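Each remark here refers to the structure printed beneath this line.
Values quoted throughout were computed directly from the atomic coordinates according to the rules given, and no laboratory measurement underlies them. Model, not experiment: these values are computed from the prediction. All Cβ positions, even for glycine, are placed from backbone atoms using ideal geometry, and neighbour counts span all protein chains on display.
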Amino acid sequence: MTEQGARAAHGAGTEVGGKPRINKLVRDDLVVCLLQGWRDFVAAPRYGLFFGGVYAFGGIAITALFLALHLPYVGYPVAMGFALIVPFVAMGTYEISRRLERGEPLSWEAVFGAVWRRSGKDLGWMALVTLFALIIWVDFAVFLFLMFFGLHVPTPQELMIEILSTSRGLTFAVVGNVVGAAVAMTVFSITVVSFPILADRDIDFVTAMITSVRCVLTNPLQMVAWACVIGLLLLISMLVGFLGLFIALPVLGHASWALYRKLVA
């Protein structure tokens, strides 16, 4: 059966109320999207490296700030929570992929101009949603730390020893990461498609978020797998000093556009 036939067999018809039609993903769609993301990055590398660099240096600066303030328990969740704003930072890559897809010329003025025009509309509200989610995640992290360790602020070495050698530290690490994963999955569900659709269509941000959640509910296993791919690539990039984000972010951004095009008719 062809890919189109498989989609028709699983078909997701247009729903009432004019809601966007959601397609069922078929086998290998995620791999195809990643490959398309790489092709778009190679087709316009200087743009991708720029947006990846902005994200990388932002992560380095924020993490370094909290470490310099001797707040390692905040630095780690901020670094992890920084992934929550990937869809917003990747807005430029969506515009690049959109232009490559339509054969439109690329220029810095065109890319930034398109993002800027949308930033004053519902895209600005979506940016606030992701920023609020990052703040909530950091608040959760601080609360959990105070609940387990009180007002004592250990050094990074002491904190690592505590996590690896005591039941309290291990419980703290498990609970913290479980809570973080729950917050991240919630944010992922409302943003995975909402930012690309706002870059592509004249649609309000509430409808964009609802459409994004519908995509996740229609393709739960594939979307969880996509969230894991994003998390794994970002984690690897951060482990090498955030430098991997120069490539990981634009590739994921372009791939997210390709995934959006497969999901939303």
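Amide H to amide H under 5 Å from Val26: which residues, 5+ apart in sequence or cross-chain, H placed 1.01 Å off N in plane?
Long-range HN contacts for Val26: none found.
Counting other beta carbons within 10 Å of each Cβ, put Val32, Val174 in order, fewest first.
Ascending Cβ contact count within 10 Å gives the list Val174, Val32.
Measure nothing fancy, just the Cα-based angle from helix 45-68's long axis to the longest principal axis of the chain, in degrees from 0 to 90, nearest 10.
Around 20 degrees separate the two axes.
Along the charge dipole of the chain, Cβ charges K/R +1 and D/E -1, which of Asn23, Phe88, Asn219 sits furthest on the positive end?
It is Asn23, whose Cα lies furthest towards the positive end.
Return one number: the angle in degrees, 0 to 90 and rounded to the nearest 10, between the long axis of the Cα atoms of helix 72-81 and the longest principal axis of the Cα atoms of the chain.
10
Among Glu162, Glu104, Glu109, Glu95, which comes first, second and so on when ranked by fewest other beta-carbon atoms within 10 Å?
In increasing order of surrounding Cβ atoms, one gets Glu109, Glu104, Glu162, Glu95.
Select from Gly244, Thr63, Pro154 the residue farthest towards the positive end of the dipole of the chain; place +1 on Cβ of Lys and Arg, -1 on Cβ of Asp and Glu, and compute about the Cα centre.
Ranked along the dipole, the leading option is Gly244.
Considering only the other residues whose Cβ falls under 15 Å of the Cβ of Leu144, what net charge follows from Lys and Arg at +1 and Asp and Glu at -1?
Net of charged neighbours comes to -1.
Evaluate the charge dipole of the range 25-263 about its Cα centre and quote only its size in Debye, nearest 20, assuming +1 on the Cβ of each Lys and Arg and -1 on the Cβ of each Asp and Glu.
Rounded to the nearest 20 debye, it is 360 debye.
Under the rule of at least 5 residues apart or a separate chain, name every residue whose amide H is placed under 5 Å from the amide H of Val264.
When sequence neighbours closer than 5 places are left aside, the close amide H contacts are Asn23.
If you plug each phi of the range 194-208 into the Karplus form 6.51 cos²θ - 1.76 cosθ + 1.60 with θ = phi - 60°, what whole-Hz ³J(HN,Hα) values come out, in order, with x for Gly and Pro?
4, 5, x, 6, 5, 6, 10, 9, 8, 9, 7, 5, 5, 4, 4
Could you line up Asp202, Asp29, Asp139 from fewest to most neighbouring Cβ atoms inside 10 Å?
With the sparsest Cβ surroundings first, the list reads Asp202, Asp139, Asp29.
Which whole-Hz ³J(HN,Hα) couplings does the range 129-134 yield from phi under the Karplus relation 6.51 cos²θ - 1.76 cosθ + 1.60, θ = phi - 60°, glycine and proline marked x?
With coefficients 6.51, -1.76 and 1.60, one gets 4, 5, 5, 4, 4, 5 Hz.
Report, in whole Å, the centroid distance computed from the Cα atoms of the range 230-265 and the range 110-177.
Taking the Cα centre of each part, the range 230-265 and the range 110-177 sit 19 Å apart.
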